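Trainee: Please see the structure below; I have some questions.
Each reported figure results from applying straightforward, stated rules to the coordinates on display, with no laboratory input. Because the structure is predicted, anything quoted here is derived from the model rather than measured. Cβ coordinates were reconstructed from backbone atoms using ideal geometry, including for glycine residues, and neighbour counts include every protein chain displayed.
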Amino acid sequence: MLEYRMPSLGADMESGFLREWHVKPGDKIKKGDIIAEVETQKGIIDIEVFDDGTIGELLVQVDEKVPVGTLMAMIIPPGEDGEIKETPQKSAAPATTPTAAEEAWIATEPPPMAEKAAAAEHHVRASPLAKRIAEEKGIDIATIHGTGPEGAIIREDVEHAITARVAPVPEAPKEAAPAPPPASPPAPVAAEKPAPPAQAPAAPAEEEKARQATGASAETIRMAVAAAMSKSNREIPHYYLETRIDMRRAMAWLAETNKQRPVKERLLPAVLLLKAVAKALNEVPDLNAWWENGLQRKPAINIGYVVALRTGGIMVPAIHDADNKSLDELMQTLNDLIPRARALRLRSSELADSTITVTSLGEGGVETVFGVIYPPQVALVGFGGITDQPWTENGMLDVRPVLTATLAADHRATDGSTGSRFLTAIKNYLQQPEKL
Amino acid sequence: MAKKGTKTKTTAPLAPELAQKLLYQMLLIRRFEEKAAEMYTKTKIRGFLHLYIGEEAVAVGVMQALRPQDNVLGTYREHGHALVRGLEPNVIMAEMYGRQEGYCRGRGGSMHLFDAKRKFFGGNAIVAGHLALAVGLALADKKMQRNQLTCCFFGEGAMAEGAFHEAMNLAALWQVPVLFVCENNLYAMGTALRYTHAQTDLTLKGAAYGITAAAVDGMDLQAVMEAANTAAATVRKTGKPYFLVCNTYRFRAHSMFDAELYRDKAEVEEWKQRDPIPAFSNTLLQQQLLAEADLQALEARVNEEVQQAIDFAESCSWEPVEEMSRFTYSEKKT
Amino acid sequence: MATSLITYRECLKQAIREALQGDERVFLMGEDVGHYGGAFAVSKGLLQEFGPERIMDTPLSEAGFTGAGIGAALGGMRPIVEIMTINFSLLALDQIANNAATLLHMSGGQLNVPLVIRMSAGIGRQLAAQHSHSWEPLFAHLPGLRVLSVGTHEDARYMLAPALLDPDPVIIFEYTSMLNLEQELQPVEGGVDISKAKIRREGKDISIITYGTGVYKALEAAAELAAAGIEAEVVDLRVLRPLDDETILASVTKTSRAIIVEDASRSVSVSSEVSARITENCFYDLDAPVQRLCGAEVPIPYPKHLEDAAVPQPAQIVSAIKKLLQHA
Amino acid sequence: MTAEEIKQALLLRLKTIAPDTEPAQLQPDDNIREKLGIDSFDYLQFIVALDEQFGIQTPEEDYGKIQTLQELTEYVGARVKG
């Protein structure tokens, strides 16, 4: 037996109404014969058979709606026996019940509105970039103040938050502090483009570890420096003082000392300067402070020492309790800190605890440094190079090794007289190197 | 200039081999199209399906005048032309099934058969859109001094399009070798000629551009052959366009989904009396160029080929979805 | 090497001449390209130089000769079809959209159409609503076409050669309002890359993404912004289809901000598409919403002041960017 | 030790102290500190390294005599042999 099914006459035809059978069971049919009329949306269409044979059974009643593919008739091929049945009273394909697809649709009807209100989150207006950086740095964006369009939090705001976070937390919070502090920018810090990442001393794995330790890469360093300096320049009313210091005694003392020591124990001029600053801060404690809702003096003297990276950017590790360290201890501290700073392997406390910054740019050939304070600190000391210069003392002209020291200070915190006392103190200490 | 076409009674007997070949081609189209209709109702073929049943003498009569290097362009009712041009029934059917073994990887379907190797340029489904292409192909031949013609089939419906008139003007203006063949089956879809053309003498529309024009009874194979031979020879000789109207009739609806509200069944029956296949086979039987047994053998051969085409198409595969974007742009840069 | 000033028109002409000299299969056809000398004098003198076989005047039959161009390309030629203005291109749109763009794919890779269609486009010559269109988005919508926009003299001079080497149909938009513009021109060996957008000026603060007449406007705006300390990057899309995502996204990733400038009206435009791609692909690099400066949604009016107001001007680019950046 | 061996040893030391530089690219007459961006701290580390490897205690007043690779190689060569 051959099956005859409702033909598809067009891609847009889903069903048709059977309007007339042209054949009855037992009729001989030939290929191409019209056996029925079906009404579609386009009108009545004759439907033909594609086989020769005899109609065995008609399975669909006139005026039934017949979906495409429904079995309509059985055809007995020539030379084959078959049962010939009368036209049925009921349809073989119940066209009125829902199709499988319809049932599926009913079953998958979405449930009533879920409790969406419960999911309503606190909406923070922030740029996608700001959100991403905040997430990467583990900062809760909701705590950041936005300065972008319509108060949106933008990249710059997050960068401020990062640098601000580095400073006020003395012991590392959940993760290592990511960004290094301050800068005194006239010189090499400001490479035009983001510098390539500073290379770590050893294997790449080492380097990766180093990065993780500080969360820093050349790019984030640059970003943090930029953010901190911008904030400083925007918020801190700087005043500047400068003094020239005769370094003859200090340098002579240093040369003599070093001559007696093995190479490994030699001192650098920097330690004299650091010690002088530390001692001067004991005398002028208002400069060893942070500006946070007013001047907050800091009990410990932690000097941030600017280390320039050869690849651009700076790191500023803190020398803790500098006033209580001997010159040798300061030298040992530098021996420890500087290589680690260059390898971006500083501890968070070393990045976060500075109470004042010292930058020494003399080796670049610079004489005078006008620095930018690293907030929330209130002062930065800049040292230029030690050069032989004409010098008068007691009316006598001489040539002396001379150092120019500058102070950049926050005028909200202190006034020029305070700064002046401080520089004078440094100068005095450097005249008595043996007492440092 | 226009030579009014009328029914021409055929005279000269054909060589037996040629005669059998032509009959075979017409039969192949007929059975192929019938099978396509069946497969459409079984949803094996989808989209639009336009059948050539009734018009076979036009394609067979015209194409025998062409050479392999000539270009051929057809409409969306082009299965017959493709078969006569030598495209393989298997591969055509695979294309209509949408299978990747088809001529166009199944991407074109029934309306878009292309075979670059046989210079068969569609399968074009924008009415009259391909006429300008034909002019351009002929222009390239002229510029490159290739002695070949471009044969472009279209329906009378196309002649109401602006694109027809632009193409005729350009062809005449540039004097390019195009044989324009109008298959006038009297209906543009369901709208009769008299409702679509103010001037129903279609040859005048070619003549108006200074193009030699002729009309022929498209139900009479030998008349079409004669007219086409004359036309093709003229194009080759002069390098100029030629306009041939073949008056014909499709026995089936415009496409599958067509209730044929626009014409009487009596009219269809009347035209079926002039079915070119029995007419030609009877002539051959009378002229003893064919025996009854030959006819049966021919039928059997054609049926077998059509069934093979179906079997082949059924066995073919779908183009992987990942390849769908291929050939949006050329893969090789020239 | 010393360079002198050259008009955009002369750049176009030199490109056509070079193409005709370099390949026998190349010919130019279109309305009034020959005896008249080109509606905008781009092809002036070429008929005398190359003869009527290579410089073919056509009747006013956009569909006809564009279709013939497609046919000739199928037949082995390398036609350059000139549609006098983009306004008339709609008469040929059937040929472009249904034939040129589809044949390769629909034929399963058998038939490619190496055709170049040039048309002059744009707004700014007080030609009123039927002759002032930026319909680049319409063509950029069609898969199968390569759609190019000539925003600079460099591209006017060096875009045609690679377009003719492309195996697929290429649409080139030239701009009437720029024809008389003089600029210096640096030689480009081997033509420009018509698959890539081009950074016309580098900057770090914002990406101005544009094409066509927007390029010089954006460069003018960027120069003014530089004086205000804002470094804008100017991205000339140059190829509107297929879009060069790589260059666009790299620029926006760098600057974190983008403004897209085009003369076409805003809705469903190139800028809509570029904006969507930026948001889809570099959302988390964005520090501000993507901005757009587009043509007004009106038929372009005739009077100068209204015409100017209907498309973005450099001053608007400058103020939009300042507004975006100077938020604090 | 040959001069070349000394030179290679010195370059290795420089690389250890300033890993982000390329001492191998130094010309014989280049000023080492300028070329590699070595500050006084690094330089002291290098002097320490000379002591560790070659047993040379370089007095501060000799710093000026060993500014180039050429000078340094000769300086070390003379003291290693002597």
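Trainee: Just give me a number: lysine pairs in chain C, eight or more positions apart or cross-chain, with C-alpha atoms less than 25 Å apart.
Mentor: Taking chain C as the scope, the lysine pair count is 20.
Trainee: Related question: Where is the GNM fluctuation largest for chain C (alpha-carbon springs, 10 angstrom cutoff): C:262, C:307, C:53?
Mentor: Taking springs between Cα atoms under 10 Å, the residue moving most is C:53.
Trainee: Let me ask something additional. Taking each pair of different alpha-carbon atoms in region C:198-324 once, compute 1/r for the pair, average those values, and report the inverse of that mean as the Kirkwood hydrodynamic radius in Å to one decimal.
Mentor: Across region C:198-324, the inverse of the average 1/r is 14.4 Å.
Trainee: Okay, moving on. Apply the Karplus curve 6.51 cos²θ - 1.76 cosθ + 1.60, θ = phi - 60°, to the phi angles in region B:196-205 and return the couplings in whole Hz, x for Gly and Pro.
Mentor: Using θ = phi - 60°, the values come out as 10, 10, 5, 9, 8, 7, 5, 4, 5, 6 Hz.
Trainee: Still on this structure, please answer the following. Taking all pairs of distinct Cα atoms, average 1/r, flip it, and tell me the Kirkwood hydrodynamic radius of region B:16-314 in Å to one decimal place.
Mentor: Taking the inverse mean of 1/r over all distinct Cα pairs, region B:16-314 comes out at 19.3 Å.
Trainee: Turning to a different aspect of this structure: Is region A:329-379 best put as rounded, prolate or oblate by its Cα gyration tensor, with a ≥ b ≥ c the root eigenvalues, rounded for a/c under 1.5, and otherwise prolate when a/b is larger than b/c, oblate when not?
Mentor: Oblate.
Trainee: Which of the GluC sites (Glu not before Pro) found in region A:283-330 are loop residues per DSSP with 14 or fewer other Cβ atoms within 10 Å of their Cβ?
Mentor: Within region A:283-330, the qualifying GluC sites (Glu not before Pro) (loop, at most 14 other Cβ atoms within 10 Å) are A:292.
Trainee: With only Lys, Arg, Asp and Glu charged, each at its Cβ (+1 for the first two, -1 for the last two), find how big the charge dipole of the protein assembly as shown is about the Cα centre; round to the nearest 20 debye.
Mentor: That gives a dipole near 1960 debye.
Trainee: Expected output is a single nm value to one decimal: the length gained when fully extending between residue D:57 and residue D:40, i.e. 0.36 nm times separation in residues minus the C-alpha distance. What is it?
Mentor: Working it through step by step, the gained length comes to 4.4 nm.
Trainee: Any chance you could check the Cα centroid distance between region A:383-422 and region D:1-37 for me, in angstrom?
Mentor: Taking the Cα centre of region D:1-37 as reference, the centre of region A:383-422 is 37 Å away.
Trainee: Oh, and also: Enumerate by residue number the GluC sites (Glu not before Pro) in region C:146-222 meeting two conditions: DSSP loop (anything except H, G, I, E, B), and at most 14 other Cβ atoms within 10 Å of the site's Cβ.
Mentor: Loop-located and lightly packed - C:189, C:202.
Trainee: OK, next. Against the globular-protein guess of 2.2 N^0.38 Å, express the Cα radius of gyration of region A:291-436 as a ratio, rounded to two decimals.
Mentor: In units of the 2.2 N^0.38 Å rule of thumb, it is 1.12.
Trainee: Further question: Can you check how the C-alpha radius of gyration of region B:74-177 compares to 2.2 N^0.38 Å, as a plain ratio?
Mentor: Expressed relative to 2.2 N^0.38 Å, the Cα Rg reads 1.13.
Trainee: Taking the DSSP beta bridges in the protein assembly as shown as the whole, what percent of them are antiparallel, to the nearest 5?
Mentor: Looking only at bridges with both residues in the protein assembly as shown, the antiparallel portion is about 50 percent.
Trainee: Two-decimal Rg/Rh of region D:3-81 from alpha-carbon positions, Kirkwood Rh?
Mentor: Using Cα coordinates only, the ratio equals 0.91.
Trainee: Okay, next question. Got a sec? Charge dipole of region D:3-81, +1 on Cβ for Lys and Arg, -1 for Asp and Glu; which of D:31, D:76, D:46 is way out at the positive end?
Mentor: D:76
Trainee: Also: If you count the DSSP beta bridges with both ends in chain C, what percent of them are antiparallel, to the nearest 5?
Mentor: 20 percent
Trainee: Report, to the nearest 10°, how far helix C:214-227 tilts away from the longest principal axis of the Cα atoms in chain C, using its own Cα long axis and a range of 0 to 90°.
Mentor: Approximately 30 degrees, to the nearest 10.
Trainee: Related question: Using a Gaussian network model of chain C whose springs link C-alpha atoms within less than 10 Å, name the residue from C:309, C:92, C:197 with the highest mean-square fluctuation.
Mentor: The residue with the greatest mean-square fluctuation here is C:309.
Trainee: Pairs of alpha-carbon atoms within less than 8 angstrom and 6+ residues apart define the contacts here; what relative contact order does chain D have, in percent?
Mentor: For chain D, the relative contact order is 37 percent.
Trainee: Here's a follow-up. Can you give the relative contact order of chain C as a percent, counting alpha carbon pairs under 8 Å and 6+ residues apart?
Mentor: In percent, rounded to a whole number, it is 16.
Trainee: For a quick check: with amide H placed at 1.01 Å from N, whose amide H comes under 5 Å from residue A:358's, ignoring anything fewer than 5 positions away on the same chain?
Mentor: A:304, A:305, A:306, A:381
Trainee: Return a whole-number percent for the relative contact order of chain B, with Cα pairs under 8 Å and 6 or more residues apart as the contact set.
Mentor: Reported relative contact order: 25 percent.
Trainee: Roughly how crowded by other chains is peptide B:118-127, in terms of the mean Cβ count from those chains within 10 Å of each of its Cβ atoms?
Mentor: Mean shielding by partner chains, rounded to a whole number: 3.
Trainee: Kirkwood hydrodynamic radius of chain C from all distinct Cα pairs, in Å?
Mentor: With all distinct Cα pairs of chain C included, I get 20.2 Å.
Trainee: Turning to a different aspect of this structure: With just the Cα atoms of the protein assembly as shown, tell me how far they stretch along each of the three principal axes, in Å, largest first.
Mentor: 143, 81, 72
Trainee: Also, quick follow-up: Residue by residue, what Karplus-based ³J(HN,Hα) values in Hz, rounded to whole numbers, does region B:266-275 have, using 6.51, -1.76 and 1.60 with θ = phi - 60° and x for Gly and Pro?
Mentor: Along region B:266-275, the couplings run 5, 5, 4, 4, 4, 5, 5, 4, 9, 3 Hz.
Trainee: Under a 10 Å cutoff between Cα atoms, tell me which one of C:112, C:98, C:87 has the largest fluctuation in the Gaussian network model of chain C.
Mentor: Taking springs between Cα atoms under 10 Å, the residue moving most is C:98.
Trainee: Have a look at region C:69-213 and give its Rg and Dmax from the Cα atoms, expressed in angstrom.
Mentor: In Å, with Rg to one decimal and Dmax whole: 15.9, 51.
Trainee: Mind jotting down the distance between the C-alpha centroids of region A:3-26 and region C:1-78, whole Å?
Mentor: 59 Å
Trainee: To continue, here is another question. Among DSSP beta bridges lying fully in chain B, give the percent that are antiparallel, nearest 5.
Mentor: Given both bridge residues lie in chain B, the antiparallel proportion sits at roughly 15 percent.
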